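Worksheet: the structure to be examined is printed underneath.
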Amino acid sequence: MNRTNSRNSNHKKHTPERSCTVCRVKSDKNTLIRIVKSPDGKPVIDVAKKLQGRGVYICPDTDCIAKARKSGILAKALGTEIKQDFWDELSKVSANTAVNKDLKLKSILGLAKKSGTLIIGTDNIERDKRSLLVMTASDCSDNVRNFAQSKEYISLNLNTEELSKVIGSRGGVQIVALPLTPSSSGFSKSAKLLMSLYSVKGDTLFE
Ligand SMILES: [Zn+2]
């Protein structure tokens, strides 16, 4: 454990940044849409950001998508033709990524807490033997982040104060988790939705 801490003490692990092919603005990789050219030459939206091949990134933004379409820059970057149905799909994914992510996250966490499904704190998460999706506050401590990194985890766009508020706690909540195993409460589905919104793992709603 000490070894891990010393290795990470000087550089916190951040999500890599990527540039939007259209506006060139750099953003957290997880907030951009990745598009790859599939082996059969078609453009594919890589929700999990794990597909092999030449990939380009674009903002989940109507302006960037419209510009990409007009200029042909996306087709050029991918080296493939882009058809109408792809633009439709891209707009759909974009709307989902940009607008609803925050709301969905907050409602899922709030409901999970109310139903008693949400697991709060490293001790409870460690004790839980199910397969879990772990979520950390953006300003969590290095220890909490190191703990989370050993698991399937999402770094939320909520700080400790906001996360605590969302789940109706008085404060200090740095880490929560949802079970990924199917259960009667149905929260494994919510967890999978969050994973797709945050581009974690291959299970997505867009497949
Ligand atoms: Zn852009």
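A few comments on the model shown:
- In the range 43-70, the residues that are under 15 Å from E81 (Cα atoms), in contact with a Ser or Thr (Cβ under 7 Å, 6 or more places away or on another chain) and not aliphatic (A, V, I, L, M): P43
- The range 50-65 residues that are closer than 12 Å to K29 by Cα, paired with ones that are open to solvent by 80 Å² or more (accessible area, probe 1.4 Å) and more than 7 Å from the ligand (Cβ to nearest atom) (beta carbon under 6 Å, 6 or more apart): Y57/R18
- A single entry from I125, I65, I82, I175 fulfils the requirement of being in contact with a helix residue (DSSP H, G or I) (Cβ under 7 Å, 6 or more places away or on another chain) and not assigned by TED's automatic domain parsing to the domain that holds P39: I175.
- Residue satisfying all of: in the range 48-58; aliphatic (A, V, I, L, M) and within 16 Å of the ligand (Cβ to nearest atom); most open to solvent (accessible area, probe 1.4 Å) among these: V56
- The range 105-123 residues that are part of a helix (DSSP H, G or I), paired with ones that are open to solvent by 50 Å² or more (accessible area, probe 1.4 Å) and modelled with pLDDT under 90 (beta carbon under 9 Å, 6 or more apart): L105/N157; A112/S185
- Selection count, the range 24-47, where residues are within 15 Å of the ligand (Cβ to nearest atom) and more than 24 Å from S155 (Cβ to Cβ): 1
- Among all positions in the range 61-72, there is at least one residue which is within 16 Å of the ligand (Cβ to nearest atom) and under 17 Å from the mean Cα position of the chain (by Cα).
- Tally, over the range 85-108, of residues that are open to solvent by less than 50 Å² (accessible area, probe 1.4 Å), modelled with pLDDT under 90 and not small (G, A, S): 6
The values are calculated or read from the model by the stated rules, or taken from the named source; none is laboratory data. Keep in mind the model is a prediction, meaning the values are calculated, not measured. Please note: Cβ atoms are built from the backbone with ideal geometry, for glycine as well, and neighbour counts cover all protein chains shown. These accessible areas exclude ligands, DNA and RNA; they are computed on the full protein's heavy atoms, side chains included. Shrake-Rupley method; radii C 1.70, N 1.55, O 1.52, S 1.80 Å.
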